[in-house]
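Report on the following structure.
The values are calculated or read from the model by the stated rules, or taken from the named source; none is laboratory data. Quantities reported herein were computed from a predicted structural model and do not represent experimental measurements. Cβ sites come from the backbone with ideal geometry, for glycine too, and all protein chains shown count toward neighbours.
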Amino acid sequence: MRNIREELQLFVRRFGLLNASCCEECCGEQVSLVHSHILFEIRRMGAPSMQQVAEELGMDVTTFSRQVKSLEAKGLIARRTSPEDRRVNLLGLTEEGNRVLVQIDRYMTARIERIFSTMTGFERDSVAKALVLLNEALAQAGDGEKIACCN
């Protein structure tokens, strides 16, 4: 069996997960990888609280708050006070935030399709199933903590 850690390290680098920011061809904005994840989670979760998104991404609230301020300054997200609890800030995508996220989605879909185009149908299905299994195993084994030692 191949060294799984080595394969994961290579995957992370080749997939571009260590890149500091998206390139202009992706969405026309200088959006960091963290920003991309925040935008994605806000859309996925609906109108989440800052705490919910920070927890989902495994970020401390102080660091997350700085990222939110940066996204607000770019006009990509908006903060509003929760009607149920005025101490809670809810996050939402602006029209521009939705536009940027759609651009990121298109770019990523095209890149993934290009990668998968080198595989047979069986291989594509196998990789997709393996990713689901890996994510499920991470969720069960992680107990809320990240696997990587350098979080």
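Restricting attention to the range 72-83 and to residues that are in contact with a Leu (Cβ under 9 Å, 6 or more places away or on another chain) and of a type in the set (A, V, I, L, M, F, W, C), the residue that is surrounded by the fewest Cβ atoms within 10 Å (Cβ to Cβ) turns out to be Ala78.
Selection over the range 30-49 of residues that are at pLDDT below 85 and out of contact with any strand residue (DSSP E or B) (no Cβ under 9 Å at 6 or more places or on another chain) gives a count of 0.
On inspection, Gly58 qualifies as surrounded by 12 or more Cβ atoms within 10 Å (Cβ to Cβ), at pLDDT below 95 and over 22 Å from Tyr107 (Cα atoms).
Taken over the range 46-89, the residue count meeting the criterion of being of a type outside the set (Phe, Trp, Tyr), part of a helix (DSSP H, G or I) and under 19 Å from the mean Cα position of the chain (by Cα) is 19. For the range 103-131, the candidate set comprises residues that are β-branched (Val, Ile, Thr) and surrounded by 10 or more Cβ atoms within 10 Å (Cβ to Cβ); within that set, the residue that is modelled with the highest pLDDT is Val127.
Just one of the numbered conditions (1) surrounded by fewer than 10 Cβ atoms within 10 Å (Cβ to Cβ); (2) modelled with pLDDT of 95 or more is not true of Arg86: (2).
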